[in-house]
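Below is one structure, written out as structure tokens; comments come after it.
The values are calculated or read from the model by the stated rules, or taken from the named source; none is laboratory data. Here the structure is a predicted model, which means the values were calculated and not measured. Using ideal geometry, Cβ is built from the backbone for each residue, glycine included, and neighbour counts are taken over all protein chains shown. Just the protein is used for accessible areas: all its heavy atoms, side chains included, with ligands, DNA and RNA removed. Shrake-Rupley method; radii C 1.70, N 1.55, O 1.52, S 1.80 Å.
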Amino acid sequence: MRILVIEDDPGLRRSLSATLKEEGFAVDQAADGEEGLFKASEGLYDALVLDVMMPKLDGWQVLEQLRPQHTVPVLMLTARDSVPDRIKGLNTGADDYLTKPFDSDELVARLRALIRRTSGKTQSQIEINGLLIDTARRSLSKDDQEIELTAREYSLFEYLALHRGEVVSRSLLYERLFDENDNSLSNLLDVHVSNLRKKLGANIITTRRGHGYCIE
Amino acid sequence: MKRPFQSIRWRIQVWHGLILFIAIAAFCMTAYQLAWLNQSRRIDREIQRHERQLFKSLIEANESYFSERNNGNKRIPFPEELYQIFETGKIQLPEEALNEFSGNASGYYYFAFANADGELLLKSENAPDQLSFLPLPDEVGMQEEFRTHGNLRESAHSFNFGFRIIIGHDIQSELEEKHRFGWSLGASGSGLWLIGLLGGWWLAGKAIRPIQFISQTATRIAEGNLNERINTAGTDSELDQLSHVLNHSFDRLNAILEQQRQFTADASHELRTPLTILLSESQRMRKRGIMRNAEDYQESFELCHDAATRMRHLVESLLLLARQDDGYAPLATVDCDLATIIQKSIKLHQALAETKAVKLQAELPNCPLTANPDLLAIVFNNLVGNAVQHHQGNGLVQIKLTHSPNAIIVNISDDGPGISTEALPRIFDRFYRADLSRSDAHAGHSGLGLALAQTIIRNMGGKIEVSSKLSQGSTFTATLPTSSKT
């Protein structure tokens with residue numbers, strides 16, 4: 001999952017990015033509305049975290065210019081918690097709303113819920129060949145036994161599971177799971193896939209040479 | 001519930017009723033008196049007419065006697081002669097004329113004649129038994145009087161030679177008429193009074209209604225509906241003026257309240273971002289199961305420290321501002337040198353200025369004054385700091401101190417980016433930031449600096465002014481009186 005954090009306060013931007021990265025998201029950052037709008041328009045992201053009060057373009061303006069073409073879910077962050085502000089946010093096309101100061105666990109949970117909703121999956125649990133993925137808890141278990149995965153491994157497996165039966169190209173996986181600051185060493189993905197096969201069994205992920213990976 | 005006599009409407013009503021009552025009563029009394037006076041005069045004239053008639057017929061009846069005494073000369077006899085004829089008892093009585101002075105039917109007339117000793121010479125049969133004749137006049141010829149005994153009106157005469165006459169008239173019917181007139185006056189007066197009272201009640205109500213309306217609106221406003229205003233009719237009446245005054249007060253109160261609300265909202269808004277950083281970082285670092293190295297922790301603590309420093313700076317500024325606002329506990333003043341204070345501020349920003357290639361040029365002659373050096377340091381740290389921090393780099397900031405016997409003037413001018421005309425009037429507002437940007441919102445940047453500087457200088461009796469042109473630079477001018485209060 002790739003997220004864009006648009007926040008002008010450098011401290012908060014760094015903190016949010018770090019939190020989201022540790023939760024397994026790929027995170028890009030934008031320091032003002034203009035940059036945020038430019039990056040968001042690429043359409044690479046699974047969700048946006050958008051601050052309202054920003055220089056150049058504020059959150060509302062970013063949302064307005066983004067909205068008709070891009071359906072990416074947007075979570076607004078605001079320092080003002082008045083009801084008219086919330087209504088304005090939801091009317092402009094924000095999908096969710098958080099008032100500063102917020103709990104970062106809540107932010108992560110809401111982002112996950114947003115992404116899940118827009119991908120059409122309302123169930124937070126996916127079952128694949130006896131493996132149970134709980135997207136809310138970000139855990140994987142087999143026969144009630146939890147299997148330890150790193151955040152990146154989990155994200156990779158979840159992405160493939162959500163697109164079960166499709167062949168997902170390597171470049172798409174890089175786009176979705178790695179942020180712009182990652183050194184996209186071409187074997188990084190292979191390392192994660194081989195780790196997953198070691199933990200879950202060799203046949204769980206099939207490789208279509210020249211095309212990508214797939215969970216049958 | 002209010003007691004009725006405390007209400008203005010009731011008081012107006014009571015006074016109105018009282019005054020109206022006095023006026024109507026006075027009018028009725030006067031009318032009554034005048035009417036009776038008129039009536040009395042008519043009665044008296046009537047009595048006089050009857051008197052003349054009686055004498056005329058008496059003289060006619062005794063004409064022969066008089067002509068004999070006057071040797072055949074025909075002339076009207078003197079009263080003395082008439083008296084003598086009584087005395088002699090040779091009087092002839094005109095029966096016909098005497099008919100008028102008889103009977104007891106309503107409105108009858110009577111007469112009586114007496115001599116000097118009070119002996120009755122002659123009286124009509126219907127005359128009352130008790131007759132009080134006038135005493136004889138002392139010297140002059142005659143004395144006369146009209147008087148009322150019960151329901152009888154009499155005209156009494158006495159002559160110095162002893163002749164005394166009473167002609168009387170029964171005025172029973174006139175008295176009854178007088179009473180009837182009195183009653184009808186009283187009744188119509190009361191009726192008038194009642195109508196007046198009703199009119200007064202209505203008028204008082206009408207006069208009071210706008211006041212009630214104003215009071216109701218004011219109550220609603222006081223209960224919290226601060227945007228409502230009293231309707232003014234635009235007639236510029238006294239009540240309209242009152243409404244205007246009240247509305248104006250409400251406007252001012254509302255503005256102050258709104259300002260306060262805005263300030264609180266801004267202050268909490270400013271605190272939210274660093275608080276979010278603290279929360280999110282501490283939560284992140286608390287999480288188990290993630291491999292971290294020392295650098296990660298170092299970075300996180302730096303973020304936390306920056307956020308906490310921002311909050312501390314903000315809280316200190318707010319506290320200082322609040323204290324400066326209500327003039328609470330003026331800080332101790334000492335003899336100090338403004339040049340030294342500004343020099344320190346310049347030193348504080350020297351490093352940043354050097355990295356931005358901004359030259360700080362100061363012209364600071366010694367300037368002793370009595371003030372609180374800490375407060376002055378806050379002011380000039382802000383002014384010099386702003387000039388350096390907002391500078392785009394490669395330029396000059398000039399600080400010039402001049403003092404005359406009346407005032408101390410500090411000019412701080414830069415060739416930085418300048419301030420737009422829209423932003424210029426607002427830069428002293430609390431939490432206002434011309435660029436809206438928090439991207440360089442490090443510890444020293446709360447949006448309170450200029451507000452604080454202005455409040456401090458104002459409390460010292462001075463002022464801060466600013467002139468600026470976009471992309472040419474700004475000049476801040478602080479003027480202080482030579483004898484500072486703070």
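Observations on the model:
- In summary, the helical segments of chain B meeting the span-like criteria, namely a full DSSP H run, a Cα extent along the axis of 30 angstrom or more and a mean Kyte-Doolittle hydropathy of at least -0.5, are B:8-61, B:172-222, B:294-325.
- B:T421 - accessible surface, heavy atoms, 1.4 Å probe, Å² rounded to 10: 110
- If you model chain A as an ellipsoid using its alpha carbon gyration tensor, with each semi-axis the square root of five times an eigenvalue, the axes come out at 32, 18, 15 Å, biggest first.
- Per DSSP, loop trypsin sites (Lys or Arg not before Pro) in region A:92-162 with at most 14 further Cβ within 10 Å: A:K121, A:R137
- Contour minus Cα-Cα distance for B:Q262 and B:Q130 (0.36 nm per residue): 37.2 nm
- If you plug the beta carbon distance of B:A116 and B:A26 into 1/(1 + (r/R0)^6) with R0 = 60 Å, you get a FRET efficiency near 0.80.
- Inter-site label distance for B:S190 and B:T355 at 7 Å from Cα along Cβ, in nm: 10.2
- Remark: accessible surface ordering of A:T206, B:T340, A:T19 (largest first) is B:T340, A:T206, A:T19, probe radius 1.4 Å.
- Length gained on full extension, B:D236 to B:E295, computed as 0.36 nm times the residue gap minus the Cα-Cα distance: 13.7 nm.
- For the residue pairs A:K100/B:K287; A:K39/A:K198; A:K100/B:K356; A:K56/B:K347; B:K123/B:K178, alpha carbon separations beyond 26 Å are given by A:K39/A:K198; A:K100/B:K356; A:K56/B:K347; B:K123/B:K178.
- Rounded to whole Å, sorted largest first: equivalent-ellipsoid semi-axes of region B:330-481, Cα gyration tensor: 24, 17, 15
- With a Förster radius of 25 Å applied to the C-beta separation of B:E95 and B:S64, the computed FRET efficiency comes to 0.95.
- Helical runs assigned H by DSSP (4 residues or longer) give chain B a calculated mean residue ellipticity at 222 nm of -18500 deg cm²/dmol, each run adding -39500 (n - 2.57) before division by the residue total.
- Compactness index (Cα Rg / 2.2 N^0.38 Å), the protein assembly as shown: 2.15
- Segment B:N227-B:T340, extension gain: residue separation times 0.36 nm, minus the distance between their alpha carbons: 35.6 nm
- Peptide B:281-291 has a mean shielding of 4, counted as Cβ atoms of other protein chains within 10 Å of each residue's Cβ.
- Of the GluC sites (Glu not before Pro) in region B:122-202, those whose Cβ has at most 16 other Cβ within 10 Å and which sit in DSSP loop: B:E125, B:E139
- Spin-label model distance (nm) - B:T421 vs B:Q6, 7 Å beyond Cα toward Cβ: 5.9
- Counting only heavy atoms of the protein chains and using a 1.4 Å probe, B:I91 has close to 40 Å² of accessible surface.
- A DSSP coil position with no more than 11 other Cβ atoms inside 10 Å describes the following GluC sites (Glu not before Pro) in region A:42-149: A:E42, A:E148.
- Stokes-Einstein, applied to the Kirkwood radius of region A:15-61 over Cα pairs at a viscosity of 1.002 mPa s and 20 °C, places its translational diffusion at 189 µm² s⁻¹.
- Two-site FRET efficiency, A:A151 against B:I409, from Cβ-Cβ distance with R₀ of 45 Å, rounded to 0.05: 0.15
- Net charge of neighbours whose Cβ lies under 12 Å from the Cβ of B:T477, counting Lys and Arg as +1 and Asp and Glu as -1: +1
- Between A:E180 and B:I76, the modelled label-to-label distance comes to 14.1 nm, taking each label 7 Å out from Cα in the direction of the beta carbon.
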